[in-house]
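Notes to accompany the following structure.
The values are calculated or read from the model by the stated rules, or taken from the named source; none is laboratory data. Just so it is clear, the structure is predicted and the values come from calculations on it, not from any experiment. Reconstructed Cβ throughout: ideal geometry from the backbone, glycine too, with neighbour counts over all protein chains shown. These accessible areas exclude ligands, DNA and RNA; they are computed on the full protein's heavy atoms, side chains included. Shrake-Rupley method; radii C 1.70, N 1.55, O 1.52, S 1.80 Å.
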Amino acid sequence: MNRRGFLRGTAVAGTVAIAGCLERLGFEEQSAWSNPPLVDDRPDAVYLPAGIEEMGTYGRATDGEYAVELTYTIPHRFWLVAGETERVDVDADDSMHLMLTVWDPETDTVLPVNAELDVLRGGDSVTGQLSPWPMLSQRMGFHYGDNISLPEQGEYTARIRIGRLEAEGTGAFEDRFDSPSTLEIDFEFNRSDIHDLEFELIDEDRRGERNALELMDHSDHGAHDGHGDDEHAAHGNDEHDHGHHGEGHGHDNHDHHGEGHGHDNHDHHGEGHDHNDPGHPPTSDGPAIDELPGDVLGTERSGDAKLSVIVPDTDRFADDAAYLMACLRTPYNDVVLPSASLRLTIDRDGSAVLEDERLTERIDHEYGHHYGLAVDDLESDDEITVAVDSPPQVSRHDGYETAFFEFEDVSFTV
């Protein structure tokens, strides 16, 4: 008998934390997991999944340029996106789902980077070099993660190699993040920490509803608060109502030991941080579209994503030329959707003055993540058409795996 099998047999929706009870009754944990419930008749859109998994925090580190947080939750399925979508199921040997959030501590911006992970025990690798998948989840937003297997309980070190930005940096990000960095976080793996995480089932009549769970507020590291599922659902396309679903475990004291590597002493009781603590990671939603400086040409839905086009009121993107910016985001929490391919056409008086020009993926301290293009000129009544040629090449957790694939062209008028 394992925890997930018990959950599937639970008749009443709500919060359950039963693994510790099973172990006390003599069921010894052998890292035997199975997939959580999957919603039937899922729409080709963002939807409420069957449940909410609590998460824990192992630690944070920074070298001043990059900051990273290492978090964990119960092993669970996800979907890879590379050509055809591929479902990755939970393996019986999986110890946990390990996650990384990488951000710029100077501007509090989550960064799309190339991330690699090696888990060490006593200085020796136990996992080999891993490349965590760039991922989207409704609670975590954009992050990196994978299910991993550890040989035994005890002390480990996560060695995280952060590569250069995978988008062109502008503004405060120009000429930054060009060099790789390695950070280390020490942590203690206890099976009970994973098994005691709570899993909150959403009422069956709401599963599959076209909505999303709230984006987690990382600044709240208290215990799981046990709210009902209405507390965790987003309430509109443009709201930023971040939930406080607890990470449930302690904070970390950070101690740098030279050579550019941040090291964390794992502390399950959250007794504070030293001056090397980079602070809590920001959420991965973009700045509010209607607050961005410039002319917002509009926002349309395509592939169940929100696509907004803006003409910014700064010339730092294109000197004397005009600049068109397309922001691609999730529909309820405004989480940015990186690693897509977009192209743009401009029609004037019935003729194309610019046709099928590829937009460049960029990240800016003021405008956030976007896809942009400098154009020679724009005139009133020009029609801007944006096409998404390839969907965001990021893996998906439940609730996102059926969305952001089938895009239709959208048009805006200057």
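The figures follow:
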{"read-out": "Tally of residues being under 30 Å from residue 406 (Cβ atoms) and exposed (fewer than 15 other Cβ atoms within 10 Å of the Cβ) across region 89-106", "value": "1"}
{"read-out": "Scan of region 388-397 for residues that are outside any strand (DSSP E or B) and open to solvent by 10 Å² or more (accessible area, probe 1.4 Å), ordered by number", "value": "391, 393, 397"}
{"read-out": "Options 174, 166, 184; residue that is over 12 Å from the mean Cα position of the chain (by Cα) and under 26 Å from residue 405 (Cβ atoms)", "value": "166"}
{"read-out": "Within region 350-387, tally of residues that are open to solvent by less than 20 Å² (accessible area, probe 1.4 Å), outside any loop (DSSP other than H, G, I, E, B) and in contact with a Leu (Cβ under 9 Å, 6 or more places away or on another chain)", "value": "10"}
{"read-out": "Positions within region 201-231 being over 18 Å from residue 41 (Cα atoms) and either among the small types (Gly, Ala, Ser) or modelled with pLDDT of 55 or more (or both), in sequence order", "value": "213, 214, 215, 216, 217, 218, 219, 222, 223, 226, 228"}
{"read-out": "Failed criterion for residue 400 (all others in (1) under 28 Å from residue 88 (Cα atoms); (2) part of a loop (DSSP other than H, G, I, E, B); (3) open to solvent by 30 Å² or more (accessible area, probe 1.4 Å) hold)", "value": "(3)"}
{"read-out": "Sole residue being exposed (fewer than 15 other Cβ atoms within 10 Å of the Cβ), β-branched (Val, Ile, Thr) and either touching a strand residue (DSSP E or B) at 6+ places or on another chain (Cβ under 6 Å) or touching a residue at least 12 places away in the same chain (Cβ under 8 Å) (or both), chosen from 345, 314", "value": "314"}
{"read-out": "Candidates 91, 146, filtered to the one that is more than 16 Å from the chain's Cα centre (by Cα) and either part of a strand (DSSP E or B) or modelled with pLDDT under 95 (or both)", "value": "91"}
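Rundown of residues vs (1) at pLDDT 70 or above; (2) open to solvent by less than 20 Å² (accessible area, probe 1.4 Å), yes/no style:
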residue	(1), (2)
3	no, yes
15	no, no
30	no, no
41	yes, no
66	yes, yes
77	yes, yes
108	yes, no
